1. Note down all Cβ pairs under 6 Å where the first residue falls in segment 101-121 and is over 22 Å from M185 (Cβ atoms), the second is surrounded by 12 or more Cβ atoms within 10 Å (Cβ to Cβ) and not charged (D, E, K, R), and they're at least six residues apart or on different chains.
2. Please go through segment 122-140 and give me each residue that is exposed (fewer than 12 other Cβ atoms within 10 Å of the Cβ), touching a residue at least 60 places away in the same chain (Cβ under 8 Å) and either touching a helix residue (DSSP H, G or I) at 6+ places or on another chain (Cβ under 7 Å) or among the aromatic types (F, W, Y) (or both), ordered by number.
3. Please note which helices (runs of 4 or more DSSP H) are completely contained in segment 216-294 and include at least 1 residues that are modelled with pLDDT under 85, more than 24 Å from V147 (Cα to Cα) and out of contact with any Lys or Arg (no Cβ under 9 Å at 6 or more places or on another chain).
4. Any residue in segment 72-97 that is in contact (Cβ under 8 Å) with a residue 40 or more places away in the chain and more than 25 Å from A197 (Cβ to Cβ) sitting within a Cβ distance under 8 Å of a residue that is hydroxyl-bearing (S, T, Y) and part of a helix (DSSP H, G or I)? List the pairs, counting only those 6 or more apart or interchain.
5. Of the conditions (1) within 17 Å of S262 (Cα to Cα); (2) crowded, with 17+ Cβ neighbours inside 10 Å, N89 fails just one. Which one is it?
6. May I ask you to list the residues in segment 178-205 that are crowded, with 17+ Cβ neighbours inside 10 Å and either under 30 Å from E136 (Cβ atoms) or aromatic (F, W, Y) (or both)?
7. Filter segment 98-107 down to the residues that are charged (D, E, K, R) and within 17 Å of L193 (Cα to Cα) and list them by number.
8. For segment 71-83, check the following and say yes or no: at least one residue is touching a His at 6+ places or on another chain (Cβ under 6 Å) and part of a helix (DSSP H, G or I).
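The values are calculated or read from the model by the stated rules, or taken from the named source; none is laboratory data. Keep in mind that what you see is a predicted model, and the values were worked out from it rather than measured. FYI the Cβ positions are ideal-geometry reconstructions off the backbone, even for glycines, and counts take in every protein chain you see.
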Amino acid sequence: MITEKTWRHTLSQTLLYVFLSLLALICILPLINVLSISFSSIRAIQSMEVTLWPVEMTLRSYRFVAGNDAFLRSMGVAAERVLLGTVINLFMIILTAYPLSKESSQFHFRTGYAWVFVFTMLFAGGLVPTYLVIKELGLMDTMWALVLPGAVPVFNVILLLNFIRSLPKELTEAGFIDGAGHWTMLWRIVVPLSLPAIATVALFVIVGHWNEWFSALIYMNNPKHYPLASYLQTVVVRRDYSQMDPTELALLMQLDDRAVHSAQIFLGALPIFCVYPFLQRYFLTGIVMGSVKE
């Protein structure tokens with residue numbers, strides 16, 4: 001019986017590793033192909049010779065991107081959005097999750113407030129009312145239109161509040177006995193102990209702000225204010241070159257647009273690749289401890 005269980009366990013583990021390896025390859029191979037295209041020559045790309053390795057390697061696409069003012073400007077706008085949006089999101093998430101993590105005996109109407117937040121996950125106000133609110137507040141064509149509407153992501157609030165509820169209650173009780181108030185408890189005890197969950201939430205927030213492109217197309221009247229994701233959506237997906245000046249457009253005509261777009265896509269994803277390893281060690285702990293529990 002023990003041998004049979006061991007055999008089944010080994011087989012299931014092997015199948016699981018094979019499945020996960022195939023899944024990882026499905027995610028990685030397209031990115032490798034994009035990277036290979038960005039380093040390949042026009043002839044190799046047009047003749048469909050590029051697969052997973054650059055053919056007739058060249059840096060012409062990256063030289064073009066490095067001199068493309070619109071691309072560099074959009075990357076700067078995206079970096080500004082990520083920095084400002086992450087600070088606002090984390091501050092609001094922490095301030096919302098801490099009181100909601102309390103029991104109803106400590107925070108009256110806590111359940112009612114929690115259901116109000118959950119309701120916003122299921123039903124939104126709609127695109128037109130949101131646009132009218134942004135317009136009437138005078139936020140059109142400003143960075144605030146991109147970061148304020150989603151300042152309180154409820155899913156991340158739920159993750160963090162459940163993590164806070166898993167912390168030993170003796171710590172907070174001891175703090176209150178020593179005379180600490182809620183602000184002191186939050187910033188000196190709860191936040192330092194919740195770093196795994198906060199890092200996980202920060203990763204979600206950073207990726208969300210960096211990849212979100214739709215809101216800028218609605219709230220930004222000037223294409224110069226587009227973040228990187230919106231710029232790539234207009235140039236790569238819609239192939240709208242109206243925001244390029246004639247000099248850049250003439251230079252682009254001398255290159256293969258697939259190579260240039262591949263270089264832009266890879267450079268656009270590169271910052272996330274750089275940030276992820278620093279937050280990855282907190283990811284598993286934050287997700288498991290912040291999951292919904294009874």
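1. Final answer for the pair search is T120/V154; M121/V154.
2. Selection gives nothing.
3. Details: elements: 228-232, 246-253, 257-289.
The helices (runs of 4 or more DSSP H) meeting that bar are 246-253, 257-289.
4. Pairs that qualify, where the first residue is in contact (Cβ under 8 Å) with a residue 40 or more places away in the chain and more than 25 Å from A197 (Cβ to Cβ) and the partner is hydroxyl-bearing (S, T, Y) and part of a helix (DSSP H, G or I), are S74/S230; S74/Y231.
5. (1)
6. Matches in segment 178-205: F204, V205.
7. As a first pass, look at segment 98-107 and keep what is charged (D, E, K, R): 102-103.
Listed by number, the list holds a single entry, K102.
8. We begin by selecting, within segment 71-83, every residue touching a His at 6+ places or on another chain (Cβ under 6 Å); these are 81-82.
When the remaining residues are screened for being part of a helix (DSSP H, G or I), the result is 81-82.
Checking segment 71-83: at least one residue is touching a His at 6+ places or on another chain (Cβ under 6 Å) and part of a helix (DSSP H, G or I).
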